[in-house]
1. Could you pull out every one of the strands (runs of 3 or more DSSP E) wholly within the range 24-111 that has 1 or more residues that are modelled with pLDDT of 90 or more and buried (at least 16 other Cβ atoms within 10 Å of the Cβ)?
2. For the range 128-141, enumerate the residues that are at pLDDT below 90 and not in a strand (DSSP E or B).
3. For the range 133-156, does any single residue satisfy the condition of being in contact with a Leu (Cβ under 9 Å, 6 or more places away or on another chain), of a type outside the set (Lys, Arg) and farther than 20 Å from Val44 by Cβ?
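The values are calculated or read from the model by the stated rules, or taken from the named source; none is laboratory data. Everything quoted here is computed from the prediction, not taken from an experiment. Note that we place each Cβ from the backbone using ideal geometry, even for glycine, and neighbour counts take in every protein chain shown.
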Amino acid sequence: MQRVEPFGSSQPHECHAFVYLPSLHKVRRISTAQRGDAFFGTDVTYEDLERRRASDYEILSASEVEFAGESATAIRVRPRKHSTYSEAQFTIARADYAILEARYFKRDSPDAYRIMTSLRSGMLSAGGHVLPTQLVVENLSKGTVTEVTFKDLAINPKIDDRVFSIRTLEQERDIQKSLE
């Protein structure tokens, strides 16, 4: 996703993110209000697919834990910007800093309403990063589970700059046709 300053918006402080869907050759514009929406009707949200940075969170607590047989750190955080959850707990592997699990909490609730687990067997090391290719997302409030598999991941792929022109992004049409 790429965050872009507002344009053509009726709300003065609304920002947009754009999701490029390579298999469909399309870009989808998403407002910040839609970050918590289901991705193609699953338990995965657009917010789940965003890049995570430590500076985006206020750290509430940290503790050493064991997760699925490996040493990890459980970090309880509060997002600094608007989010669909009020707090989260990330379990991060000490060996390679991979996020093994993310638990999401609503305001004043001691119990997670969503749990996203990255399966270690499906992790890929590329370009100095550890990337999950298999996720299990449990939506405890709905009683549903989504299993996600990412295939053909590419690190820093070459994407034509015209894909991200304002004109192309506003049109939300087939990218392949607009670049021909």
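1. Result: 57-67, 70-79, 87-93, 99-105.
2. Gly128, Thr133, Ser141, listed by residue number.
3. Looking only at the range 133-156, we keep the residues that are in contact with a Leu (Cβ under 9 Å, 6 or more places away or on another chain), and these are 133-136, 146-150, 153, 155.
Narrowing the set further to residues that are of a type outside the set (Lys, Arg) leaves 133-136, 146-150, 153, 155.
The next check asks that each one be farther than 20 Å from Val44 by Cβ; those that pass are 155.
Yes: one or more hits.
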